[in-house]
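Down below is the structure, laid out as structure tokens.
The values are calculated or read from the model by the stated rules, or taken from the named source; none is laboratory data. Treat the numbers as computed from the prediction; the structure is a model and nothing was measured. Ligands, DNA and RNA are excluded from the accessible area calculation, which covers all protein heavy atoms including side chains. Shrake-Rupley method; radii C 1.70, N 1.55, O 1.52, S 1.80 Å.
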Amino acid sequence: MKEIDRAGLAANNGTNGKPLWVAYEGKVFDLSESVLWEGGEHMGSHNAGGDLTEELGGAPHGPEMLERFPQIGILRDRNGLHAEKEPSPKEGASARSLPDLFTRFPILKRHPHPMTVHFPIVLGIFAPLLIILFFIFDNPGFELASFYCLGAGLVFIPVAMITGYIAWRVNYGRPIRAVTIKKALSVVLLLLDVAAFAWRFADPGISRHITGAGAFYFVLVLLLMPIVAVTGWYGATLTFPLAKPKR
């Protein structure tokens, strides 16, 4: 396997049609096929053509994400040792441009959204699931619990949307297809939740009818599940990107 010095690594930074190389613990990987490294930048904080050994410690994933891509060489300095990372001017400027809060507490850059997004996911699945159980067992307790899930969704869906927007602005700051779709679906999810909750709150007796207005209410609740599933799937592709088929 060929040896690559720091100059050779830096020259392949993914810009102007160049390959996109990064190093980790002395190994050099070619990430040219990664959709999350377009233009040689990842999450607004990492740049191609550099050593990610130290930076990867603050990422929401481990080196297994790099190992999905081909290793094309090993990184060496003039003494034949693993070269230490030197931050590039661009990286330094990026770090200085971050708000002081994110600089002092790096965990806030990425983790608040993954922590809060699980609540609307669970609520968006359980509200329809409880309605299904209500149909099966004809127990009004299931329908009432579903209604409570809708109410909780009014609190947690906006929280997840806000933290998601902040995470996108801080870590990406540029249009990403998966994020654009997630934004649109999140609005649809919130509107469905608001409509179903308001409908049921205004007429509690609607839950006793499976035709007419009652049927419309149940359809609104059941639609939450596919919207949550698709939204969550696109979110997962950001952390665990799909591998492109080899040609």
query = Which one of Glu91, Glu67 is charged (D, E, K, R) and at pLDDT below 70?
reply = Glu91
query = In region 143-247, which helices (runs of 4 or more DSSP H) lie fully inside it and hold 2 or more residues that are open to solvent by 70 Å² or more (accessible area, probe 1.4 Å) and among the aliphatic types (A, V, I, L, M)?
reply = 177-202
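For the subset of region 20-45 comprising residues that are in a loop (DSSP other than H, G, I, E, B) and open to solvent by 50 Å² or more (accessible area, probe 1.4 Å), which member is farthest from Ile4 (Cα to Cα)? Please lay out each step first, then the result.
The initial filter retains those residues of region 20-45 that are in a loop (DSSP other than H, G, I, E, B), namely 25-26, 31-34, 43-45.
Retained after the next criterion (residues that are open to solvent by 50 Å² or more (accessible area, probe 1.4 Å)): 25, 32-33.
Values: Glu25: 13, Ser32: 17, Glu33: 20 Å.
Applying the filter and picking the extreme gives Glu33.
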query = Which condition number in (1) modelled with pLDDT of 95 or more; (2) under 14 Å from the mean Cα position of the chain (by Cα) is the one that Ile157 fails?
reply = (2)
ask   = Of everything in region 1-19 that's part of a loop (DSSP other than H, G, I, E, B) and open to solvent by 30 Å² or more (accessible area, probe 1.4 Å), which residue is nearest to Arg110 (Cα to Cα)?
value = Thr15
query = Identify, please: which residue in region 102-119 is under 14 Å from the mean Cα position of the chain (by Cα) and open to solvent by 80 Å² or more (accessible area, probe 1.4 Å) and is, among those, modelled with the highest pLDDT?
reply = His118
